[in-house]
Amino acid sequence: RVKELGRNNYSIYSPLEKDSTYEQLIFENDLRKALERNEFTVYYQPKVNIQTGKISGIEALVRWIHPEKGIIPPGKFISIAEETGLIIQIGEFVLRTACRQVVEWQKNGMHPIIVSVNLSTKQFLQTNLVKMVEEILYETGLAPSQLELEITESMTVDFNQAITTLNHLKQLGIQISVDDFGTGYSSLNYLRMLPIDRLKIDRSFISDITTNAENAAIVSTILTMAYNLKLDVIAEGVEEENQVDFLQKINCDEVQGYYFGHPLPADELEQKFPEIYDKAKLWTKVID
Ligand code: C2E
Ligand code: MG
Ligand code: MG
Ligand code: MG
């Protein structure tokens, strides 16, 4: 499978290497062709409620399966896709694919879960964003309450625009989460006024939570604040059991990270979590 080819072969695509205009042009051209050739695919990573041990949702994460270079992660191409505007089509593809997939899983007996899809800044500023989302929900038949869009703090810089767009999205009945929370500069007062449902605490606070007292304090503080503002919280980047234990102790209910599962193609996710089709078990992942 192409999967194994990727590893170290895509350094040419590093967005940092912008010194070479030639490489940049090849990259853009490849990216454009990738859309025509359907080289993008969606991987899914489970979110787990560590109080109940059940999968509470999944995040859709785009991958570029390059015919020669193998799997190219979004970090290598999202920023160029933004610059070239290709992110609009890529983003729409990811949303449609993810909604379709969840509906298909449900037809096969999976209980309703929430699927999260990342929005890019450019998408967030598109005037037809709400219409696009509404159409995809209609077309795929996914219940709006089962869709969550992930935005970042930086997208709320134009506060009036953000609040208008978010209000329209909320009127569709979907959920909104703030990704990479804690790394941006959004004012807590503004945050309070935005119609959001969930904060995703950035991985950088979680990675050393068991050894870094300051980060542990920040995470506890975010949890308290979120509780008081009636927001849900999820911790990103949970890789180790002691992080799970720690988060459980401070009453962080939801986590996402390699400890419970890497992002996987839909069929591999089904294999790794076969209980998705056993209604009785409801995606239960065993936690001791
Ligand atoms: P994100 O939305 O914060 O997604 C989480 C990223 O962290 C994913 O990387 C995921 O694979 C990774 N991750 C999950 N658990 C762990 C863990 O335990 N440890 C570590 N070290 N990493 C973990 P990925 O898939 O490479 O995506 C990177 C970023 O690219 C995403 O960050 C998101 O900002 C962006 N992205 C991904 N898919 C899309 C998309 O469809 N549209 C847009 N606009 N952006 C996307
Ligand atoms: Mg995300
Ligand atoms: Mg994130
Ligand atoms: Mg992140």
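The values are calculated or read from the model by the stated rules, or taken from the named source; none is laboratory data. All values derive from a computational prediction rather than experimental measurement. Using ideal geometry, Cβ is built from the backbone for each residue, glycine included, and neighbour counts are taken over all protein chains shown. Heavy atoms of the whole protein, side chains included, go into the accessibility calculation; ligands, DNA and RNA do not. Shrake-Rupley method; radii C 1.70, N 1.55, O 1.52, S 1.80 Å.
Pairing residues of segment 162-191 that are basic (K, R) with residues that are within 16 Å of ligand 3 (Cβ to nearest atom) and not in a helix (DSSP H, G or I), at Cβ distances under 7 Å and at least 6 apart in sequence or on separate chains, gives K170/I176. Do we find a residue being within 16 Å of ligand 4 (Cβ to nearest atom), surrounded by fewer than 16 Cβ atoms within 10 Å (Cβ to Cβ) and without any contact (Cβ under 8 Å) to a residue 60 or more places away in the chain anywhere in segment 205-212? Scanning segment 205-212, I find at least one residue that is within 16 Å of ligand 4 (Cβ to nearest atom), surrounded by fewer than 16 Cβ atoms within 10 Å (Cβ to Cβ) and without any contact (Cβ under 8 Å) to a residue 60 or more places away in the chain, so the answer is yes. Could you list all residues from segment 254-284 that are open to solvent by less than 60 Å² (accessible area, probe 1.4 Å) and modelled with pLDDT under 60? Once the filter is applied, which keeps residues that are open to solvent by less than 60 Å² (accessible area, probe 1.4 Å) and modelled with pLDDT under 60, segment 254-284 yields D278, L282, W283, T284. Do we find a residue being surrounded by 13 or more Cβ atoms within 10 Å (Cβ to Cβ), within 17 Å of Y227 (Cα to Cα) and of a type in the set (V, I, T) anywhere in segment 182-196? Yes; the residues of segment 182-196 include at least one that is surrounded by 13 or more Cβ atoms within 10 Å (Cβ to Cβ), within 17 Å of Y227 (Cα to Cα) and of a type in the set (V, I, T).
Looking at segment 49-69, can you tell me whether even one residue there is among the polar types (S, T, N, Q), modelled with pLDDT of 95 or more and closer than 28 Å to Q256 by Cα? Before the answer, list the steps.
Residues of segment 49-69 that are among the polar types (S, T, N, Q), as a first pass: 49, 51-52, 56.
The next check asks that each one be modelled with pLDDT of 95 or more; those that pass are none.
No.
Taking residues in segment 21-44 that are within 17 Å of I87 (Cβ to Cβ), and partners anywhere that are at pLDDT below 85, the pairs with Cβ atoms closer than 7 Å and at least 6 places apart or on different chains are Q24/K18; F27/Y13.
Kindly indicate whether any position in segment 111-131 is more than 16 Å from ligand 4 (Cβ to nearest atom) and of a type in the set (G, A, S). Walk me through how you get there before you give the answer.
Within segment 111-131, the subset more than 16 Å from ligand 4 (Cβ to nearest atom) is 111-115, 122-131.
Adding the requirement that they be of a type in the set (G, A, S) leaves none.
Looking for residues that are more than 16 Å from ligand 4 (Cβ to nearest atom) and of a type in the set (G, A, S), one finds none in segment 111-131, hence no.
Scanning for something within 16 Å of ligand 3 (Cβ to nearest atom), among the β-branched types (V, I, T) and in a strand (DSSP E or B), does segment 179-198 turn up at least one residue? No, segment 179-198 contains no residue that is within 16 Å of ligand 3 (Cβ to nearest atom), among the β-branched types (V, I, T) and in a strand (DSSP E or B).
Listed by first and then second residue, the pairs with beta-carbon distance under 6 Å, at least 6 apart or on different chains, first residue in segment 55-78 and basic (K, R), second open to solvent by 10 Å² or more (accessible area, probe 1.4 Å) and within 16 Å of ligand 2 (Cβ to nearest atom), are R63/Y43.
Within segment 254-273, residues that are over 22 Å from T97 (Cβ atoms) have Cβ atoms under 6 Å from residues that are in a loop (DSSP other than H, G, I, E, B) and within 16 Å of ligand 4 (Cβ to nearest atom) in these pairs: V255/V238; G257/G237; G257/V238; G257/E239; Y258/E239; Y259/V238; Y259/E239, counting only partners at least 6 apart in sequence or on another chain.
What is the residue count in segment 107-119 for residues that are free of Cβ contacts under 8 Å to residues at least 60 places away in the same chain and within 11 Å of ligand 2 (Cβ to nearest atom)? Number of matching residues: 2. Do we have any residue at all in segment 164-173 that's open to solvent by less than 50 Å² (accessible area, probe 1.4 Å) and within 16 Å of ligand 1 (Cβ to nearest atom)? Within segment 164-173, one or more residues are open to solvent by less than 50 Å² (accessible area, probe 1.4 Å) and within 16 Å of ligand 1 (Cβ to nearest atom).
The strands (runs of 3 or more DSSP E) falling completely within segment 55-157 that include 2 or more residues that are open to solvent by less than 10 Å² (accessible area, probe 1.4 Å) and either within 16 Å of ligand 3 (Cβ to nearest atom) or in contact with a strand residue (DSSP E or B) (Cβ under 9 Å, 6 or more places away or on another chain) (or both) map to 114-118, 147-152. Selection of segment 213-240 for residues being out of contact with any strand residue (DSSP E or B) (no Cβ under 7 Å at 6 or more places or on another chain), assigned to a helix (DSSP H, G or I) and either more than 16 Å from ligand 4 (Cβ to nearest atom) or within 14 Å of V48 (Cα to Cα) (or both) yields A213, E214, A216, A217, S220, T221, T224, M225, Y227, N228. Answer yes or no as to whether L247 is more than 16 Å from ligand 4 (Cβ to nearest atom) and modelled with pLDDT of 95 or more. Here the answer is yes, as L247 does meet what is asked.
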